[in-house]
Amino acid sequence: MSLKRKIALNLSIAFSLLFGIVMVIIYMSFNDFRRDEFKERFRQRLEFTSHFISESKDFEEEAPIFFNENSDNILLNEKILIFNAEKELIYSTIKDRNVTWDAALLKELDQRKTIYTEKTVPEIYAALKNIKGENYYILTSAFDSNGKSKLSYLKYLLVTAYVMSTLLIGLFSYYFMGQFLRPLEELNKEISEVTAHKLTTQIPVQQSQDEISILAQSFNTMIVRLNDVFQSQKDFTASASHEIRTPITRMAFQLENLIKFESHSPETLSSLKQIQKDVYQLSDLTNSLLLLTKFDKENIQSLYEEVRIDEVIFSSFETVEKSYPELKMDFLISEETSEQALLTIKGIQSLLDIVFINLFKNAAVYSDNIEVDVLITETASKLMVDVISHGNTISENEQSKLFEAFMRGNNSQNISGSGLGLRIVKRILEYHGAGIIYSSPSENVNKFSVVFSKI
């Protein structure tokens, strides 16, 4: 998830929680207000009834007329029960049906004088009043339909406002975060275009002294330092490789001439041939380093050309065969490869030659029978070359470090080498978007699988 989306999401969640808490507080406050208002209306209605009783000369005769005349002020489904001091019902607004009441409530009034409960349906407000020296128990019940209707409507409005505001704050957060982080995205775009060939490129710095401008300035400073180090390293590698090639070439030429003389003892001749192999190995290593300094992942694709992998294999084998004339190759094309397969890839042949020269040299040095099997398999998505030899295999612990620089396995003891060959192979293949895998399908079998993607 992008930083813009994370910030927008976090803002939306924070706002939703805060707004939700405010909505709940509003709802609960309004509910308390509704309850208190309804209770006050209950109280006023009961006081009104008490006042009527105190002013009435003949309560039982005047009550029906009084309550009919004041019907506009009654509560919804209001029912009034009035009891005398002996808890006998002396008046009821309920007509045409039996009147029932809670005797325990009347007893409780003797202690509490006033009782209000909203747990019952309808709600009840009861009071014990002393009027003209007589005790009267007045029970009033009614529904607060109007208040609860308003409460339900308020709940609907709050939920709707909550959902709409959450969606809007999410959209606005995403939009404004996009505007706010746009300079950072532009900085990221500029940084992504900096490559090993463009280390001198400076990131544009805004005049403002905000964090993004400071970051751009720091990045430019780092780029300058990296360019100095990278250029020094590249110049040294190129110069050293170039300067070393000349004496190595002279040494190789002189050794060839020296070996042709027939006056050497067997021990001297063996030593000269070993020195000649070491010189050839040093020459190959120098050539590899010199080639690698000319390319990098960013610019190598512009130099790609169509290369036939079978031609690369045969050319590389011929080069190795000069140093190891006893090496044999068994070349096969897999049955999975169609007849229309071209066996071509896009790459640089000089670098691919180095890949297979190193693999064939390994086969010649570490193979028991001085033989290498090459199997090519081409499908619609990839082209794979298996280089198989027979000899001591590499342990599982060493396989994870096989392609690291200067890594040499236990099977290379008493065999000369630099430990850079497979590292260079892997790096060249990475430049070509390819990979290499080592496996041991069976005992004393070493297999290197080079996989080129065609997609």
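Tabulated values for the structure
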{"read-out": "Qualifying positions in segment 357-383 - within 17 Å of residue 306 (Cα to Cα) and crowded, with 21+ Cβ neighbours inside 10 Å", "value": "378, 383"}
{"read-out": "Per-region count, segment 148-204, residues assigned to a helix (DSSP H, G or I) and either modelled with pLDDT under 70 or more than 30 Å from residue 37 (Cβ to Cβ) (or both)", "value": "27"}
{"read-out": "Complete set of residues in segment 106-122 that are assigned to a helix (DSSP H, G or I) and within 21 Å of residue 40 (Cβ to Cβ)", "value": "109, 112"}
{"read-out": "Subset of segment 136-158 [of a type outside the set (Phe, Trp, Tyr) and under 16 Å from residue 51 (Cβ atoms)]", "value": "138, 140"}
{"read-out": "Breaking point among (1) open to solvent by 60 Å² or more (accessible area, probe 1.4 Å); (2) at pLDDT 85 or above; (3) not hydroxyl-bearing (Ser, Thr, Tyr), for residue 77", "value": "(2)"}
{"read-out": "Selected residue (only one of 278, 296 is open to solvent by 60 Å² or more (accessible area, probe 1.4 Å) and at pLDDT below 80)", "value": "278"}
{"read-out": "Residue, modelled with the lowest pLDDT, within segment 369-388, restricted to residues that are under 13 Å from residue 334 (Cβ atoms) and of a type in the set (Ser, Thr, Tyr)", "value": "379"}
{"read-out": "Residue count, segment 397-455 (criterion: more than 24 Å from residue 381 (Cβ to Cβ), at pLDDT 85 or above and of a type in the set (Val, Ile, Thr))", "value": "1"}
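The values are calculated or read from the model by the stated rules, or taken from the named source; none is laboratory data. All of these numbers come straight from a predicted model, not from anything done at the bench. Note: ideal-geometry Cβ built from the backbone for every residue, glycine included; neighbour counts use all protein chains shown. The area values use the complete protein model at the heavy-atom level, side chains included, leaving out ligands, DNA and RNA. Shrake-Rupley method; radii C 1.70, N 1.55, O 1.52, S 1.80 Å.
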